Every structure is written in structure tokens, then in C-alpha cells.
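Report on one structure; see the data block that follows.
Quick note: the coordinates plus some simple rules give every number you see, no bench work behind them. Because the structure is predicted, anything quoted here is derived from the model rather than measured. Note that we place each Cβ from the backbone using ideal geometry, even for glycine, and neighbour counts take in every protein chain shown.
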Amino acid sequence: MKILLASAATLAVAGPACAQQISLKPLAEARLRYEMAEQDGLADDRSDALTIRARAGLTASSGALSATVVWQGTLALVDDYYDGLHGAATRPIVADPNNVALYVAQIQYKTKMVALTGGRQKIALDDERFVGNVAFRDNGQTFDAVRAELTPAKGLKLDVSYAWSVRTIWGIDGRGARQQAVRGDNLFANLSYGTPIGTLTGFAYLVDQDEAAMQAYRLSSQTYGVRLAGTQPLSKSAKLSYQFSYAKQADHHRNPNDYSADYWLADATLDLRGWKLNAGYEVLGASSGAALTSFQTPLGTNFKFQGWADKFLATPPNGLRDLYVGGGYGWKQLGPLSAVSLQAAWHRFDSDRLDQHYGDEWNLLAAAKFRKTMLSVRYARYDASALATDTQKYWLQADWSL
């Protein structure tokens, strides 16, 4: 309610001149998804979830000023699963609890050189490794924050956000270690510059999970690093995309742990006549081997990384090394379908210390768009060695947007 009142007050300050030229844009989207998870070692080793998620909202804009409000609701049509909050944890988790919530409530002032945003908003930085929207889950992650994006010169951008609350994927019933919202003084800063070989970014992320229920403050961290991401044409029909990143993380604010851990990423993708071949190596380093002293990314879109079976949403105490290769093929148009793609990837997971082989994982995806609806079939299979248990998951999904 405070956010809505602030938005209304800001629009009122804009004055009668703005009110005479306000344009309205409706926002609507829906998702229907079936997710099946099988996990060894549980009393009931299978979960079946059929969920529907809907969002509706409105953007009112006048010149450089706009206000956006979006509501969302998630409902389980088939709820034979543990959603992380309800029921017994004897089934595999499917992290899509029922929910009704205010998803976005923001005001924004935007020109070519400046974008200022305040209120509940989506923040997704770079590849979302450290700060993201967690869009795959039905209840996406948003932030109560103020954000400034400045472009003082061509190719140069400064992006700074202060967030005092993280609105999690757990929704209105969130509690304990899976809260509805997590308070803290979070600061996200990016300074990027476009070079001939790619965008070079220096970043600083101060994550403040300032609630005892969140691992007794052990997820508070300070991370500083650099990233290079670019694309180079090799011929008229081929291009190479790449990204390299390094970061250093240490404890922050009330975190009782005293640790320091490194992060490395090297990734390359060759795009040739519809084919894509990808390979990479990512390291989330370990420190002492104690719990939560390895490199952690509690605000990242972690589903995008380390396989879709979600075995590494929290980095193990001994760290993680992920060697992966993948490929796919795409068609712009295939009959009545557009943006058709087939993808496959394989991961080998090892520890950063003590030379442990955690396991291997296969990921498969087929996706296509029919008019305004994106259809996808997804599969993940994790074969355990030294960590967790064998797990497989299937998804059938339809996403529609206005």
C-alpha cells in the first residue's frame, strides 16, 4: 500500500500538463505448467504439480514519467507435491506455492541518458548470476528498491540500486528460511563500458540478508568482480559469443562466518547457420569447507546455472566446479510455429576442494512459439555420485502474453 500511495503521489506532482497526455498500456500474461519430479531417497519419491500463473497490470505514462502496477496469482490445479511451505517434505520439492501478491508497483523517469525507478520492481543484472528475477518459477523475485541507470557517454553506463526488501518466490505464506520477504540494506552497482571486444563491467554486490531466519545471517556477503561479454562475427554465417568473469566474495554485515571465496567463469558459443555449440567452465570456490563459507548467490536466477535439477541452488561447503558442453538447432519458422529450437546440455559437477565428483546431469529442451503462446518441453536428469541422490524432472509449459 505504501508503494501504491508513493506512486500516486509522484504522478500527482507531475502536474496537470502530464495528466492531459497520459497514455495507458495494459499488461497481461498467463502460464500453465505441469512439472513432475522424481527423487531417490524420499518416502514418496514423486511429485506432480499442475499450476496456473496469471499476471495483470497497467502502465500509465506521460512523456518521461510512467507508473506500473502488476498483480500476480498462482494456483495449483494438481497439488501432489511439496511446495516448500505446505505438506510434508517427504516428496520432491516443486517451488511454486499458491500465491496472490503485488508483483510490481513502480514509478519511473526515463530519458536517453537517465532512468530512475522507485518501488517494487524487477532487477536483472548481466546474466542474472548474482542478481535476477527468477522468472522460471511462478512467483518471480522482485525488489523494493530505488534504482538509477545513467548513460553519460556513448558506451558508458552506471547502474546502481539500493534494495531494502527482497520479495521472494515463496509468496504470501512464506516463513522461516523461506520468507515472503527478506529485509536488509542491499546495494548493487555496475559500471560498464563498450569496447571493440565486448562490454567490460566492474561490479559490486553487497547482499544483506538481515534476518536471523535466513541461515542466521550467513547469506550476507560482499562480492566484487569484473566481467567481459561480447560477440565477434567470424563470417557472414558464423559468429562467436563469449563471456569471462571473475569475482571475490567475503562475509558482510552480521554474517558470523569469516570467509573468502573466488568465482570464475569462461563460456563460449559458436553460432553457425542455425546451429549453436556451447562450452564453459564455472567455479564457485570454497573457503574452509564449513557450511555457507563457499561462494553463494542467494539473489541470482540460479535455475539458469548448474543444471535444471536444482541440486546446487546453494553452493556446497566444498565449493563447485561445473564443466559443461551443449548444443542445439533453431528454425525461425517451421509451419505455423516460429522461434523453434532444440537444445541439449551435459554437466560434470566436482568440488573445488577435496577432489569430490558430485555427479553428472543431462538437460534437454524443445521450444516453439505459436502466435502469442510459447510452448516448451523440458527434461533434467541428475546422476548422483558424492552429492544428493538421483533425480529426474519433466516440464510441459505454455506461456501466453498480451
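Note on V78 and L342: their simple-model spin labels are 2.6 nm apart, each label 7 Å out from Cα toward Cβ.
Its relative contact order, with pairs defined as Cα atoms under 8 Å and 6+ residues apart, puts segment 306-402 at 23 percent. Projecting the Cα atoms of A115, G132, S220 onto the charge dipole of the chain, computed from C-beta unit charges around the Cα centre, puts A115 farthest toward the positive end.
Kindly flag which residue pairs out of K122/K304; K236/K276; K122/K276; K239/K332; K369/K393; K276/K304 have an alpha-carbon separation exceeding 20 Å in this structure.
Pairs exceeding 20 Å: K122/K276; K369/K393.
With a ≥ b ≥ c taken as the square roots of the eigenvalues of the C-alpha gyration tensor of segment 306-402, please select rounded if a/c is under 1.5 and otherwise prolate if a/b is larger than b/c or oblate if it is not? Here segment 306-402 falls in the prolate category.
Take every Cα pair under 8 Å in the chain that's 6+ residues apart, average their separations, divide by the length, and report that relative contact order as a whole percent.
RCO, the chain: 11 percent.
Decide, for segment 21-120, between rounded, prolate and oblate: order the square roots of the alpha carbon gyration tensor eigenvalues as a ≥ b ≥ c, take rounded if a/c falls under 1.5, and otherwise choose prolate if a/b is larger than b/c, else oblate. In terms of gyration-tensor shape, prolate. Under the rule a/c < 1.5 gives rounded, and otherwise a/b versus b/c splits prolate from oblate, where does segment 122-270 land using the Cα gyration tensor? Here segment 122-270 falls in the prolate category.
Can you give the net charge of the other residues whose Cβ lies under 12 Å from the Cβ of L337, counting K and R as +1 and D and E as -1? With Lys, Arg at +1 and Asp, Glu at -1, the net is +3. Only one item in (i) -0.25, -0.75, -1.35; (ii) -0.41, -0.78, -1.06; (iii) -0.26, -0.72, -1.22 matches log10 I(q)/I(0) by the Debye sum over Cα atoms at q = 0.06, 0.10, 0.13 Å⁻¹ derived from the coordinates shown, and that item is (i).
Placing unit charges on the Cβ atoms only, positive for Lys and Arg and negative for Asp and Glu, gives the chain a dipole magnitude near 1800 debye about its Cα centre.
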